[in-house]
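No lab work stands behind these numbers, since they all come straight from the coordinates. Computed from a predicted model, the values in this text were never measured in an experiment. With ideal geometry, Cβ positions are generated from the backbone for all residues, glycine too; neighbour counts draw on all protein chains shown.
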């Protein structure tokens, strides 16, 4: 698609992140512990581990360059060599940042993914990047009860209106969700979502993205009419124009996008090439009239990690 000239609206009062955290992978690959609940994930062919890691690293570095070119302030940490964490490229699942220096640590379904909450990474964020942590809200104790909430994968947050959208799954349990909402004064909007095969959608952020004045959402994935109605009511009441995605588009990662504010104060919507190409012409034109767009080839990361551009970005609010 050829991008027409942008006519960028002003959303100066809408709280979009002005900084994002990325983690450069050291051992990227398909995690067998997460495969059962992630229908987007594919196995790595036998003997191809090193090749897949290198391709993922190349995609990560190219993605980072495109973010910088768009004047997005990106903080980059290197994944630790030991222990090996194949999903470390997706930091948004174990940590989220909130205004006032609040940080939330989340309960993760996969024991391997829990290792991503490495103390050295938090220390680096404090000491090397100057991020002030005034309060750490630790929800990880829910792991002992088998109840999980995987960060802004499980949660799609409207920070302006203090709403937490969440589709329930094995990775998104109502109890830690309620604890999050009570700690940060959010209102939960909860629903169930399934893919074309009737399997639960593993993370809310693959079917939904909230922008300054729009919401990408796959209504087709929400079979319960009452739940769908409550979701639509909340989106309309908060002034979001709804861009309805199909399940076919979701399968191509068209829902896994994140809008950020760059150093010039402009809204920038970040997505993968695959998600970009899945948009219809009218959807693209609508988005392009509202926001700048950055896209990057993430095919290896999407295929074997089961996540895309949004999953690679943990928003920072300071």
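For a footprinting-style exposure proxy, rank 246, 154, 110 by other Cβ within 10 Å, fewest first. All intermediate terms of the calculation are to be shown ahead of the outcome.
Values: 246 16, 154 28, 110 23.
The most exposed by this proxy come first: 246, 110, 154.
Computed over all pairs of different Cα atoms, the Kirkwood value for the hydrodynamic radius of region 182-318 is 15.6 Å.
The alpha carbon centroids of region 113-176 and region 34-82 are separated by 20 Å.
Modelled label positions at residue 196 and residue 135, each set 7 Å beyond Cα in the direction of Cβ, lie 4.5 nm from each other.
Summed over all non-identical Cα pairs, the Kirkwood treatment of region 258-318 gives a radius of 12.5 Å. For the chain, the alpha-carbon radius of gyration amounts to 0.92 times the rule-of-thumb value 2.2 N^0.38 Å expected for a compact globular protein.
Of the two radii for region 148-238, the radius of gyration is 0.93 times the Kirkwood radius, both from the alpha carbons; that is the Rg over Rh value.
Using the per-residue mean of other Cβ atoms lying within 10 Å as a proxy for protection, in what order, highest first, do the peptides 298-306, 125-133 fall?
Top of the packing list down: 298-306, 125-133.
Computed over the alpha-carbon atoms, region 31-143 gives an Rg to Rh ratio of 0.98, Rh here being the Kirkwood radius from the mean inverse distance. Between residue 123 and residue 58, the contour length at 0.36 nm per residue exceeds the Cα-Cα span by 20.8 nm. Counting other Cβ atoms within 10 Å as a rough exposure proxy, the listed residues 55, 252 run 55, 252 from fewest neighbours to most.
With 0.36 nm allotted per residue and the present C-alpha distance subtracted, the residue 264-residue 238 stretch has 6.8 nm of extension available.
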